1. Run the paramagnetic zone check for residue 276: 7 angstrom along Cα to Cβ, then residues of the range 287-317 with backbone nitrogen under 14 Å.
2. Within the chain, which DSSP H helices have Cα atoms that stretch 24 Å or more along the helix axis and a mean Kyte-Doolittle hydropathy of at least -0.5?
3. How big is the dipole moment of the chain about its Cα centre under a simple scheme where the beta carbon of each Lys and Arg is +1, that of each Asp and Glu is -1, and everything else is neutral? Debye, nearest 20, please.
4. How much accessible area per residue does the chain have, counting only protein heavy atoms and a probe of 1.4 Å, in square angstrom?
5. Which one, 92, 8, 30, is farthest towards the positive end of the dipole of the range 4-95 when Lys and Arg carry +1 and Asp and Glu -1 on their Cβ?
6. Just order 323-335, 160-172, 261-273 by mean Cβ neighbour count inside 10 Å, highest at the front, would you?
7. Beta carbons within 10 angstrom, averaged per residue: use that to sort the peptides 20-27, 380-387, highest first.
8. With charges only on Cβ, +1 for K and R and -1 for D and E, what is the dipole size of the range 4-95 about its Cα centre, in debye, rounded to 20?
Amino acid sequence: MMPTNLTLLERKISNNLNCLYFVNHPVYRIQKDHQLALASEYSLAGNVTEIICDEQQRYHILFVARKEIVLTEKKVAKVTNNQLGQDTVQFLATLGYQFPPAQPAGELSQPTILPSPTELSECPTAYVIIDCEFGTRFRRNGSAKAVSWHVIESPELRASIFQLSAIGFSHHTQTAPFFNRYFDDPNFLPDKKLAGLSATGLTTVAYEAQGDPLTILKAFIQQVIQPQLPLVFWDQTQDMKHIRLLLTQYYQQLTPTEQQLVSRPVTIFDAQAYTNTLINRGNHKVGSHDLPLNGLAALFNISNPHQHNAIWDVQTTELVMVKLAELTHQTPVITTPPAPIALPATVPAVVPSIQTPSPTPQHASHAQVHQLRARGKTYREIAAATGFSISGINYILKKARSIPTRSESV
């Protein structure tokens, strides 16, 4: 059983030099002296990303920026894995391939892309905010009648940039650049392309033209990288990883000037990491909180109507950074030690108030009898209303008439 993932494949080509497909490298032509030269017809394809053998012994060769090639076994001259983990030159030499003498390491000797020796600990005054949205990459199998899609297995190639956006600011006032582009990756599902078409309002032809990865990267280098402004991210981890990965894959297709620009060190400010500095100012412990952009924006009463759209998230990052700048100048309020309220030394005696006793139920009933009689009620009606007997009512009324007034008792 052939291994699923392969490292290298040599393709037989009638009446021409064979092609060499080598994972993470561009496509080469194998010269008669076994030296390798770039295959010009693949100049826009980018690097080979995967070589896979399926259950029908067909070989799928996947690229960064073109549709896969499917070869049957009879069209393959050599296929292998780098199972021993040899370095590139040694691995190719073992198989009989050579780089040109003047370029012994070929395209593998390219420098580190956008190195960032140090990151800023405070927000710069002039900068460009960058944000990316990503799409999952799939490998397409089957015919036009029965198509199946499978997520690309390689962790580095399982996702790629779908939308790349950047806006420049100086002292929180917008400046150049304003950059917003969508990648037309052939390994995205069709609904990703529909989303890009909907967002841009372009025709399919225009969208595919603007979405060419090499075209986007060249514009990004010119507009965003060349000014050498600090690059600001809300969590730069995935964004910088995939920007570097794409620039690495297309490095050989850049001009010497562009190659020099992407090889220079860049300054990065991570706004999400900076929130940890603010949170930990008054704490005795240092923690990493990884606050989400739109969640923190909501706490600041900032509403982003198009969350997870890169250009809108760039604008939201700027608004949040304004709030963070305000917090930077505020002194932390340190919690005071909790303590009970101090009570007075002596508690004054409570003098009971004199209250008029409430009338007893009996007094209340006698008063009711007199009130009803004053209204002209008969003894029978008063008895029905109060529960007293008629003789009792007569007694109450006569007793009241026999009590002398104050003037009579003096």
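The values are calculated or read from the model by the stated rules, or taken from the named source; none is laboratory data. All values reported here derive from a predicted model rather than from experimental measurement. Note that we place each Cβ from the backbone using ideal geometry, even for glycine, and neighbour counts take in every protein chain shown. Areas reflect the complete protein model, heavy atoms only, side chains present, ligands, DNA and RNA absent. Shrake-Rupley method; radii C 1.70, N 1.55, O 1.52, S 1.80 Å.
1. Residues 287-292 fall inside that zone.
2. 310-328
3. Roughly 2400 debye, rounded to the nearest 20.
4. 58
5. Among 92, 8, 30, the one farthest towards the positive end of the dipole of the range 4-95 is 30.
6. The packing order, highest mean first, is 160-172, 261-273, 323-335.
7. Sorting 20-27, 380-387 by mean packing, highest first, produces 20-27, 380-387.
8. Taking the Cα centre of the range 4-95 as origin, the dipole is about 320 debye.
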